[in-house]
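A.B. asks: I'd like to ask some things about the structure below.
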């Protein structure tokens, strides 16, 4: 169970780091977040394929 929480924490850190460090206007970040979360949710790989972008 501890490993699960470690993975969740790592993904949350990555999510917020990508949001903070990606240099784009707010509207672009929101659009990328929506797109990347949609792709990750409905793909079998559970990855959007755009590491470093908001929402990934």
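A.B. asks: Let me spell it out: the conditions are (1) modelled with pLDDT of 85 or more; (2) not in a loop (DSSP other than H, G, I, E, B), and residue 24 meets all of them except one. Which number is the exception?
C.D. replies: Just one mismatch for residue 24, condition (2).
A.B. asks: Restricted to region 33-56, and to residues that are surrounded by fewer than 18 Cβ atoms within 10 Å (Cβ to Cβ) and not in a loop (DSSP other than H, G, I, E, B), which residue is farthest from the chain's Cα centre (by Cα)?
C.D. replies: It comes out as 42.
A.B. asks: Follow-up. Within the set of pairs 6+ apart or on separate chains, which have a first residue in region 6-18 that is without any contact (Cβ under 8 Å) to a residue 24 or more places away in the chain, a second that is in a helix (DSSP H, G or I) and surrounded by 10 or more Cβ atoms within 10 Å (Cβ to Cβ), and C-beta atoms under 6 Å apart?
C.D. replies: Correct list of pairs: empty, since none qualify.
A.B. asks: In this structure, is residue 9 touching a helix residue (DSSP H, G or I) at 6+ places or on another chain (Cβ under 8 Å) and either exposed (fewer than 10 other Cβ atoms within 10 Å of the Cβ) or modelled with pLDDT of 90 or more (or both)?
C.D. replies: No; evaluated as a whole, the condition is false for this residue.
The values are calculated or read from the model by the stated rules, or taken from the named source; none is laboratory data. It should be emphasised that the depicted structure is a prediction, and the values quoted were computed from it without experimental measurement. Cβ coordinates were reconstructed from backbone atoms using ideal geometry, including for glycine residues, and neighbour counts include every protein chain displayed.
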